[in-house]
Amino acid sequence: MRVLRALTVAAAACVALGLSTTLAVADAAGGPPPGNGRGGNGSGNGPSNVTVNPYSVHQGATMQVSAAGCGHGGTVWSHGNFPQTNLSAGSIGFATVRIFNHASPGNHTLSVKCHDNSLVATHRFTILRGNGAQGGIGGSIGPSAAETAIGAGLVGTAALGAGIHVMRRRRPAGATG
């Protein structure tokens, strides 16, 4: 009983800490939009601190682009490498772009433009030849029919063994048969 009470208190403390962190981040991001602070369609400072992750990306893979200064969102593009993509609104905007399968390997430049500003910022990235490793498939393939039958047999055997064990433990100690 004491263990259950301690676990309940620990879980409540973790939830309270998690909610306070979420509220603190939301409050920090909820300030006035960049620029003149009047909202509406006031002009922001324009895109800045543009980053890409990963810097080197294979043909056909995805890349995360982020930029500050586009409080009302914006667009990201790189001609011949990926289609024009929307940048999310907020103090730091994000976009996930998919590199074309036929994009030319080598060093390239992408451009970021805010919806509320005419300034354009650029950032370099590298496209690598070929497709990257196709990882992550391990948990997405279900068991075969043979694996299911073996698993069901093991579960049935364990249940039968547990039943026999319980029946033997119930037998009175002084009873003779």
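Spin-label model, Ala145 to Ala89: label points 7 Å out along the Cα-to-beta-carbon direction sit 5.5 nm apart.
Extension gain for Asn131 to Asn101 (0.36 nm times residue separation, less C-alpha to C-alpha distance): 10.0 nm.
We did not get these values from a lab; they are worked out from the coordinates using the rules stated. Computed from a predicted model, the values in this text were never measured in an experiment. Note: ideal-geometry Cβ built from the backbone for every residue, glycine included; neighbour counts use all protein chains shown.
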